[in-house]
Amino acid sequence: MASATRAESRTADTRRITFYVALAVFAQESTWNFYDSRVPELLRDHVASAAVIGLIMGMDNLLGLFIQPYMGNRSDNTRTAWGRRIPYLAVMMPVGAALFLLIPHMTSLGWLILAIFLYALVMNSSKPISESLMPDFIEPERRSRANAVVKIASALTVIVAALVSLLLVDDHPKLAFAVPSGIMLVAVAVLVWRVRDNRSPAYQAALAEDEASAATGSRDTNVKVKFRTVISDLVFDSDRSRLLVIFAVFVFGGAWFSSRSLMTPYGVEVLGLSDGEAGGLTLPSGIVFILAAFPAALLAERFGRLRVMASGISILAVGMILGTVFQSATMTVVALCLAAAGATGFMINALVVLWNLAPSSRVLGTYTGLYTVGWASGGFAGPALVGLAVDLTGWHLMLLHTAVLAVIAVALVIRVDRLRRASDNRESAE
């Protein structure tokens with residue numbers, strides 16, 4: 001009876017922290033999605049060049065490559081009475097909300113770019129910290145389910161941004177920015193009120209590791225894990241599993257972003273659709289992604305995360321090949337829905353695999369940042385690489401080029417799976 005009560009208590013705690021992390025991510029992504037939809041229009045009031053607008057809009061991704069791993073590592077090494085994540089979120093999320101609210105009030109290009117830069121800096125700093133709360137509280141075997149809920153919350157923000165645009169932007173363009181800002185303020189108030197980061201199992205384990213390191217006579221009295229130490233361990237470890245996972249994230253990210261960002265010109269050039277019709281090709285697949293996210297987590301718990309990841313990418317590749325063979329608007333939508341269903345297998349579980357491969361509870365935030373480096377780099381390089389292939393072969397093979405990237409990602413995941421099985425066998429033999 002006592003064990004059953006403890007199990008019920010752990011389940012309740014898991015659901016509770018999953019809700020709070022999902023709330024934080026939902027709030028942050030609500031501002032990001034509205035930012036992506038509205039800020040280009042604000043820039044057009046000052047800048048005529050689409051290239052310059054694109055460069056400014058890409059600044060946040062470039063910042064993320066550098067700031068997110070750093071802030072993840074910084075929060076890993078923070079020790080306070082509030083824990084190591086909540087103190088940062090308690091400051092950064094309100095500041096981010098205030099900066100977001102200021103953006104539409106900037107009347108000159110210089111002030112607008114400054115507001116955009118500061119907003120991107122603060123929000124990129126808080127992103128790995130909020131996401132790292134989840135592995136801090138939730139045991140490894142339950143992280144896929146929790147991450148599925150977080151991904152669903154993130155996906156729903158696209159709908160929120162669209163509704164805000166539909167209901168407010170035309171008549172109240174400045175007031176519209178207050179809605180995502182308000183959501184973020186409410187979310188951080190709930191987090192600070194309800195979440196005690198210093199009680200998380202990972203934080204307590206980190207404190208125990210600190211004490212053990214200090215007891216061994218470590219020369220580093222702060223017992224901090226430096227970022228360069230994490231990178232050195234990652235690169236030079238004889239077991240390449242963690243490094244290969246990050247490379248797989250990079251390659252898959254390239255395939256995923258290519259299938260999304262290049263779809264509108266593909267629809268126009270190959271399918272003969274208008275810009276509006278081509279832009280709507282991805283909408284059904286977004287719904288499929290939300291519906292498939294939680295089942296992908298359940299399958300991973302039953303059959304293994306790496307197997308589900310490899311299978312999911314394979315399904316994405318099959319979808320892209322089908323779309324290449326049968327080039328019609330209907331089959332393209334079917335192909336994208338199939339690809340989105342498969343993509344959940346990877347996107348729900350890849351970060352969880354990386355967390356579970358982390359050598360210590362003291363570096364979970366750093367690994368969250370490293371995942372972002374792989375994902376964002378793939379999002380930058382993938383469309384450019386596929387676009388180059390399209391220049392050489394034509395738009396009609398765009399989906400096939402995306403499938404090639406997916407096949408490479410499958411090979412990387414299969415390699416990681418084999419390495420983990422070999423490692424488990426060696427441990428069993430010992």
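A few points about this structure:
- Restricting attention to the stretch 223-248, the residues that are of a type in the set (A, V, I, L, M), free of Cβ contacts under 8 Å to residues at least 60 places away in the same chain and in a loop (DSSP other than H, G, I, E, B) add up to 1.
- Top-ranked residue in the stretch 11-38 [being among the β-branched types (Val, Ile, Thr), touching a residue at least 40 places away in the same chain (Cβ under 8 Å) and out of contact with any Asp or Glu (no Cβ under 9 Å at 6 or more places or on another chain); ranked as surrounded by the fewest Cβ atoms within 10 Å (Cβ to Cβ)]: THR18
- Residues (in a helix (DSSP H, G or I), open to solvent by 10 Å² or more (accessible area, probe 1.4 Å) and polar (S, T, N, Q)) located in the stretch 343-361: ASN356, SER361
- Qualifying residue in the stretch 326-334 (condition: in contact with a Ser or Thr (Cβ under 9 Å, 6 or more places away or on another chain) and among the β-branched types (Val, Ile, Thr)): yes
- Residues of the stretch 207-233 satisfying the condition of being under 21 Å from PRO69 (Cα atoms) and modelled with pLDDT under 70: ASN222, VAL223
- Qualifying residue in the stretch 111-134 (condition: of a type in the set (Val, Ile, Thr), farther than 25 Å from THR78 by Cα and open to solvent by 10 Å² or more (accessible area, probe 1.4 Å)): yes
- Any chance ALA403 is open to solvent by less than 10 Å² (accessible area, probe 1.4 Å) and modelled with pLDDT of 95 or more: yes
- Selection within the stretch 86-108: residues that are over 25 Å from the mean Cα position of the chain (by Cα) and open to solvent by less than 60 Å² (accessible area, probe 1.4 Å). The member of this set that is farthest from VAL186 (Cα to Cα) is SER108.
- In the stretch 91-116, the residues that are closer than 18 Å to SER30 by Cα and either in contact with a His (Cβ under 8 Å, 6 or more places away or on another chain) or in contact (Cβ under 8 Å) with a residue 24 or more places away in the chain (or both): MET92, MET93, PRO94, VAL95, GLY96, ALA97, ALA98, PHE100, LEU101, ILE103, PRO104, ILE116
- Tabulated pairs, the stretch 168-186, first open to solvent by less than 40 Å² (accessible area, probe 1.4 Å), second of a type in the set (Lys, Arg), C-beta under 9 angstrom, 6+ apart or interchain: VAL169/ARG38; ALA176/ARG38; PHE177/ARG38
- Residue in the stretch 333-340 that is closer than 19 Å to ARG240 by Cβ and crowded, with 22+ Cβ neighbours inside 10 Å present: no
- Filtering the stretch 68-85 to residues that are surrounded by 22 or more Cβ atoms within 10 Å (Cβ to Cβ) and among the aliphatic types (A, V, I, L, M) leaves only MET71.
- Of the residues making up the stretch 133-192, those that are more than 20 Å from PHE346 (Cα to Cα), charged (D, E, K, R) and modelled with pLDDT of 80 or more are ASP136, LYS174.
- Take the conditions (1) aromatic (Phe, Trp, Tyr); (2) over 18 Å from the mean Cα position of the chain (by Cα); (3) closer than 17 Å to ALA409 by Cβ; PHE236 misses just one of them, which is (3).
- Pairs with Cβ under 8 Å, 6+ apart, first in the stretch 276-298 and of a type in the set (Gly, Ala, Ser), second open to solvent by 20 Å² or more (accessible area, probe 1.4 Å) and not in a helix (DSSP H, G or I): ALA278/LEU271
- Evaluation of LEU156 against the conditions (1) more than 15 Å from LEU42 (Cβ to Cβ); (2) over 18 Å from the mean Cα position of the chain (by Cα) shows that the sole unmet condition is (2).
- All of (1) at pLDDT 80 or above; (2) open to solvent by 60 Å² or more (accessible area, probe 1.4 Å) hold for GLU41 with one exception: (1).
The values are calculated or read from the model by the stated rules, or taken from the named source; none is laboratory data. Every value quoted in this text rests on a predicted model; they were computed, and no experiment measured them. Reconstructed Cβ throughout: ideal geometry from the backbone, glycine too, with neighbour counts over all protein chains shown. Ligands, DNA and RNA are stripped out before the accessible areas are found, and what is left, the full protein with its side chains, is counted by its heavy atoms. Shrake-Rupley method; radii C 1.70, N 1.55, O 1.52, S 1.80 Å.
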